[in-house]
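Every read-out reported here was derived from the displayed coordinates using simple, explicitly stated rules and does not represent laboratory data. All figures in this text were calculated on a predicted structure; none of them were measured in a lab. Glycine gets a Cβ as well: all are built from the backbone with ideal geometry, and neighbour counts include every protein chain shown.
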Amino acid sequence: MRQALEGSQAIARAVALCRPQVVAAYPITPQTHIVEHIAKLVADDKFHCELVSVESEFSAASVVLGAACAGSRAYTASASQGILLMSEVLFNISGLRVPLVLTCANRAVSAPLSIWNDQQDSMAVRDAGWIQIYCADNQEAVDATIQAFRIAERCELPVMVCVDGFTLTHTLEPLELPDQELVDGFLPPYHFSRALDPLAPLSIGTLVAPEYFTEARHLHHAALLAAEKEIVAAARDWAAACGREQAPLVRVDGPADAKIGILTLGSVFGTLLDARDQFPGLPVKLMHLRCFRPFPVEALRAACAGLHDLIVLERAIAPGADGIVGAEMRSALADTDSPPRIHNFAAGLGGRDVPLAIYPRLLEAIKKPHPRMSAIDLRPELLPADSPVRQEAAP
Amino acid sequence: MIRLGKEGGMIEIRIHGRGGQGNVVAAYVLATAAIGQGLFAQAFPAFGAERRGAPVAAFVRIAETPIRRRCQVAQPAFVIIQDETLAALPDTLAGLESEGGVMINSQRDSRALSDTFGRATYTLPATRLSLEALGRPMPNTALLAAFLTLTELLPVAGLKDALAQRFRGEVLAHNLALVCQVADATPRGIWKELVHAASA
């Protein structure tokens, strides 16, 4: 049954359906509503877990790390500066190969201070060794949250479910929440084979000398690469259980023989789908990169086969370099037969609205070469009058 | 309930108010009412700095098919204004369809404001009505009741169901009474044509 739910509320309910035994979090806009709703479910006796209020995100991540090491299913959520403050612990969680789930309510990173949506926060920890799944809408966020626990536990890796802050978290829309029975069938009680046991004491996280460090890192890398098949299996089995199909790695929408493709991550995908209908013209293939880590090279090569032009539209930027996903796409497609020209743009940084009109602008922009990444929605008139950047950016 | 223009038609509404006036709640309640009637809907705020009294906006889309776009509403069919002083700000009426309507919390005469805005306009003294009914200046439910009665976009009963999902006890009872009072006093369906034109 479809219910009217705010994204945050639906994510909180999805988390409760997964029965984590420990939830620890520290509030930060726009993630706050998620943990508030979880706290309310606990207070109303509708969800039983150890809900730990902590004094910082560093502690939130540390608490769920400890809880997961002790064999609990554990969950946390954060955003922006919270993710950055957690970052030391995020590397520890994944390096120790501890399964848990984190929702990142994507938000810009300071400075300048912004509370609004972009994806700089999760992109800043892209190499933390976590699985990262990006959601195009709130139904995907519900389904990905449930799948994330299974993926984490089967791979012994942490999963970050990335949901655009405000644009998704604060949007109310009709959503399907599964029955408890369905989730219980998909996600049986968890047994962590390496759970700490006072009767069989062992040390974890100890010093690893150069003799073994490379092997530990390499195994972690191999585990991430191998996680791809569990991500595919989780989406397939969840579709069989609840009836909602979802492309697990890359969603492709549009004619197979299109010569132009646009690849993006997150909620801007839906806007592009509508924009393509609104501005009919050349056939365009729209692609949503759901699984960013592990980076699904084969799926992306298949999705981009035959393209002459690939637009990579990101909600983050790597200052002084290029786009983050754009650079990875260049690398993934470099040794294919006739790789497309790649045009890399940022849009929607710090919460700037991404309107339908972005679509014709993108298609117009690729007619001239763009050697370096730029923000497609830059407003040169807002730059200082004497700035050389303004002269360069002027149309 | 009326059909939204052509197949797959969508109606877009923008609500302007000040922080603390229940702007986002109004958007959520309206979308919840639509979803309760089997339609698709989407409601979300345009958060500015979160402080009481600052101008804020919220957006609602209602459609017969799933809503995919996530951009802000730039060309609304209707604007609902909870604080009359905001009408003078350029953002408030920006992009409003020429055949659209303005629902405004005001003691002034509808016709006089129609001329000012150049759009069909309906005024409702919603602050006074809410002070009488709720004891608080919360114009949102009264405005929604009048809006749904004028447009017949959704049955007023759907608004009551949506309120019942969000409020309880005395607050709910007083709001339901206010909704009935406003709906009874508002002309029925005189904005139906606007809905049809705007969603076509």
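Tabulated results
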quantity: Within a Gaussian network of chain A (alpha carbon springs, distance under 10 Å), most fluctuating of A:332, A:74, A:108; calculated: A:332
quantity: Student exercise, region A:141-244 dipole from Lys, Arg, Asp, Glu Cβ charges, in Debye to nearest 20; calculated: 260
quantity: Around residue A:284: net Lys/Arg minus Asp/Glu count, Cβ-Cβ under 12 Å; calculated: -1
quantity: Cβ-based charge dipole, region A:2-242, positive-most Cα from A:125, A:198, A:52; calculated: A:198
quantity: Chain A - charge dipole about Cα centre, Lys and Arg +1 at Cβ, Asp and Glu -1, debye rounded to 20; calculated: 540
quantity: Candidates A:233, A:43, A:124: whichever shows maximal mean-square fluctuation once chain A is modelled as a Gaussian network with Cα springs under 10 Å; calculated: A:43
quantity: Length-normalised contact order for chain A - Cα pairs under 8 Å, 6+ apart - percent; calculated: 15
quantity: Neighbourhood net charge (11 Å Cβ-Cβ; Lys/Arg +1, Asp/Glu -1) for residue A:178; calculated: -3
quantity: Charge dipole (region B:66-147, unit charges on Cβ, about Cα centre) - positive-most of B:72, B:104, B:86; calculated: B:72
quantity: Long-range HN-HN contacts of residue A:293 with modeled amide H, under 5 Å; calculated: A:132
quantity: Over region B:44-200, relative contact order from alpha-carbon pairs under 8 Å, at least 6 apart, %; calculated: 17
quantity: Debye, to nearest 20: dipole size of region B:73-200, +1 on Lys, Arg Cβ, -1 on Asp, Glu Cβ; calculated: 280
quantity: Bridge type composition, region A:246-395 - antiparallel percent by DSSP, nearest 5; calculated: 20
quantity: Inter-label distance for residue A:321 and residue A:203, nm, one decimal - labels placed 7 Å from Cα along Cα-to-Cβ; calculated: 3.5
quantity: Scattering profile of chain B at q = 0.07, 0.09, 0.11, 0.18 Å⁻¹ [log10 I(q)/I(0), Debye over alpha-carbon scatterers]; calculated: -0.17, -0.28, -0.43, -1.30
quantity: Among B:44, B:167, B:78, residue whose mean-square fluctuation peaks in a GNM of chain B (springs only between Cα atoms under 10 Å); calculated: B:167
quantity: In the protein assembly as shown, lysine pairs with alpha-carbon atoms under 24 angstrom apart (chain gap of 8 or more, or interchain); calculated: 7
quantity: Dipole of chain A, positive direction: furthest Cα of A:87, A:243, A:136, with charges on the beta-carbon; calculated: A:136
quantity: Pairwise centroid distance, computed over Cα atoms, of region A:117-148 with region B:112-151, Å; calculated: 42
quantity: Pairwise centroid distance, computed over Cα atoms, of region A:174-249 with region A:1-58, Å; calculated: 21
quantity: For the protein assembly as shown, the spread of Cα positions along each principal axis, largest first, Å; calculated: 84, 61, 48
quantity: DSSP bridge orientation in the protein assembly as shown - percent antiparallel, rounded to nearest 5; calculated: 35
quantity: Charge tally in the Cβ shell below 12 Å around residue A:82, where Lys, Arg are +1 and Asp, Glu are -1, residue A:82 excluded; calculated: -1
quantity: In sequence order, calculated HN-Hα J values of region B:114-121 (Karplus, 6.51, -1.76, 1.60; Hz; x Gly/Pro); calculated: 4, 5, 4, 8, x, 9, 4, 9
